[in-house]
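Reviewing the structure listed below.
The values are calculated or read from the model by the stated rules, or taken from the named source; none is laboratory data. Nothing here was measured: the structure is a model prediction, and the numbers come from that model. All Cβ positions, even for glycine, are placed from backbone atoms using ideal geometry, and neighbour counts span all protein chains on display.
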Amino acid sequence: MPDFEAFQAVQCLPLCNSSRINTLKIDRAGLLERLERAGIGYRVFEWYPLGLKLDVESPGKLQENLLGYIHIQEELSMVPPLVLDPHPGEQILDLCASPGSKTTQISQMMNNRGLVIANEPSLGRVAPLRSNCERLGVLNVAITRYDGRNFPRGPFDRVLVDAPCSSEGRERKGPGVLARSSSKKSLDLQALQIDLLKNALRLVKSGGIVVYSTCTYAPEENELVVKTCLDVARLENISIPGLKECRGLTEWNGEPLDNDLMNCARYYPHLNDTGGFFVAKIIKN
Amino acid sequence: MSPKSSRIRNVFEQLVFSEVADLWHSRFGIEEQVFMGLQFFQKAQSIWAISNVNLPRLSYEALGMRIMNMKSTPWKPATSALQIFGGYATKNLVHLNEEQAMVFLGGESQLSPSYLEPGYVVVFYRGDVLGCGLYSHGKLVSQIPKERRMEGFCGKRAGFVESEVI
């Protein structure tokens, strides 16, 4: 990681509230005009015209949020749907969907056409997923409750695996995550993550795209998961103009890893003033 | 609950498109073509709308958006559905001023003009559909779900304060 000291220093700085303009309900110009009329300060992301940093304490209480014109979503959480690049009319699977920030972003990229299956095994987590979909005016999402490892049926054009992870990249949102993380915890999650990714690759069409993402730094949950699928798939390079990324690791603990893994993207909080994320774009052979 | 009723509760049955569209037309004057590209399903007392695609054979928890509740008469439109389709309404709609909108978004009841037909109405403010109101005996009762209510939403907004002064 470049400049580890800066990485450590940035962890105590709180993260700016960010949100995504929901183009299913309002166009970008209309939303920006509303914010200006109401005197709400904002800054547009350099890398995504629909992403806004908001200068308010409780963005969730904004009328724009309650009416579903914006969705409060962490900046880097908007990356995986962009990498997935869904098109109107396609069939998409979001294997670990709740609370639906990425699901609803995918839906808006498809202009409410085609079908997104949002899978979420936990009943308690289905409620926020549903309520976000409804508030945002989503009409092309169906919710299922399978164990993602055994989701039964495809094929899909694209699959998003935003896997359960140790969430180290969320330290700035909830301090203490980094202190609680451990290699053992990561290895426990790794078994689940590998099984989810394997099933995603089974469910996607040949030549189709699987995006694997986590909000953690641990290589055990990232490169070491992705490398298990390289016998049936290849990686495509990820680079988003305006957003600084580091390449995926090709070596860990003195062991060399597949060179292809450098196509993955690692996002660090001190490079873009964000949280942390890992994203891999995987093409099934 | 008997096993039979539990089975019925979890089945989505497809409905005839025009029969659902007709209900919206007769209450709100919304034309059928507004719903083009959608298909409708019923599960228990709720009607759902989802994009008109072939659905894979899966067990579903939700199909698109729950747009109406048929439990009682008259049927009740969902807030989320009105925010999408309500803008096309040509009758049974009401435009609120700033003060009334604040009361409505707070989930409260208020007196309202009597030109409305009793029943559910589309509630507008400054061109936005805020949601669903129930008009009865001269009163407009807010149907905004608790989690989407707002307390004193416009007082804190510079834009609205200015307009009050003007």
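Overview of values
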{"item": "A:Ile117 of a type in the set (A, V, I, L, M) and more than 10 Å from every other protein chain (Cβ to nearest Cβ)", "result": "no"}
{"item": "Scope the stretch A:24-42; condition part of a loop (DSSP other than H, G, I, E, B), of a type in the set (A, V, I, L, M), out of contact with any Phe, Trp or Tyr (no Cβ under 7 Å at 6 or more places or on another chain) and under 26 Å from A:Met110 (Cβ atoms); matching residues", "result": "A:Leu24"}
{"item": "The stretch B:19-68 - residue that is among the small types (Gly, Ala, Ser) and closer than 23 Å to B:Phe124 by Cα and, of those, surrounded by the most Cβ atoms within 10 Å (Cβ to Cβ)", "result": "B:Ala49"}
{"item": "Residue selected from the stretch A:157-195 under the condition within 19 Å of A:Pro121 (Cα to Cα) and in a strand (DSSP E or B), by the criterion farthest from the chain's Cα centre (by Cα)", "result": "A:Val159"}
{"item": "Residue in the stretch B:122-142 that is surrounded by the fewest Cβ atoms within 10 Å (Cβ to Cβ), counting only those that are within 14 Å of chain A (Cβ to nearest Cβ) and not in a strand (DSSP E or B)", "result": "B:Gly127"}
{"item": "The stretch A:43-63, subset surrounded by 15 or more Cβ atoms within 10 Å (Cβ to Cβ) and within 14 Å of another protein chain (Cβ to nearest Cβ), residue farthest from A:Gln105 (Cα to Cα)", "result": "A:Val56"}
{"item": "Odd one out for A:Pro152 among (1) buried (at least 24 other Cβ atoms within 10 Å of the Cβ); (2) facing chain B (nearest Cβ under 10 Å); (3) in contact with a Phe, Trp or Tyr (Cβ under 8 Å, 6 or more places away or on another chain)", "result": "(1)"}
{"item": "Residue in the stretch A:70-78 that is of a type in the set (S, T, N, Q) and touching a helix residue (DSSP H, G or I) at 6+ places or on another chain (Cβ under 8 Å) present", "result": "yes"}
{"item": "Qualifying residue in the stretch A:76-93 (condition: part of a helix (DSSP H, G or I), at negative phi, surrounded by 13 or more Cβ atoms within 10 Å (Cβ to Cβ) and over 20 Å from the mean Cα position of the chain (by Cα))", "result": "no"}
{"item": "Top-ranked residue of the stretch A:222-272 - restricted to ones that are free of Cβ contacts under 8 Å to residues at least 40 places away in the same chain and part of a helix (DSSP H, G or I), ranked as surrounded by the fewest Cβ atoms within 10 Å (Cβ to Cβ)", "result": "A:Asn259"}
{"item": "Residues satisfying the stated conditions in the stretch A:155-184, i.e. out of contact with any strand residue (DSSP E or B) (no Cβ under 7 Å at 6 or more places or on another chain), surrounded by 13 or more Cβ atoms within 10 Å (Cβ to Cβ), basic (Lys, Arg) and more than 18 Å from A:Thr274 (Cα to Cα)", "result": "none"}
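Residues checked against (1) closer than 24 Å to B:Lys146 by Cβ; (2) in contact with a Leu (Cβ under 9 Å, 6 or more places away or on another chain):
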site	(1), (2)
B:Glu13	no, no
B:Gln33	no, no
B:Gln42	no, yes
B:Ala49	yes, yes
B:Pro56	no, yes
B:Ser59	no, no
B:Thr79	yes, yes
B:Ser109	yes, yes
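So that you can scan it fast, the table gives a plain yes or no per residue for (1) at negative phi; (2) at pLDDT 80 or above; (3) in contact with a Ser or Thr (Cβ under 8 Å, 6 or more places away or on another chain):
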residue	(1), (2), (3)
B:Tyr115	yes, no, no
B:Ser136	yes, yes, no
B:Gly152	no, no, no
B:Ser163	yes, no, no
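To keep it simple, each residue is scored yes or no on (1) touching a Ser or Thr at 6+ places or on another chain (Cβ under 6 Å); (2) more than 8 Å from chain B (Cβ to nearest Cβ); (3) part of a strand (DSSP E or B).
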| position | (1), (2), (3) |
| --- | --- |
| A:Thr104 | no, yes, no |
| A:Ser107 | no, yes, no |
| A:Asn111 | no, yes, no |
| A:Pro121 | no, yes, no |
| A:Arg125 | yes, yes, no |
| A:Leu129 | yes, yes, no |
| A:Glu134 | yes, no, no |
| A:Val138 | yes, no, no |
| A:Ala142 | no, no, yes |
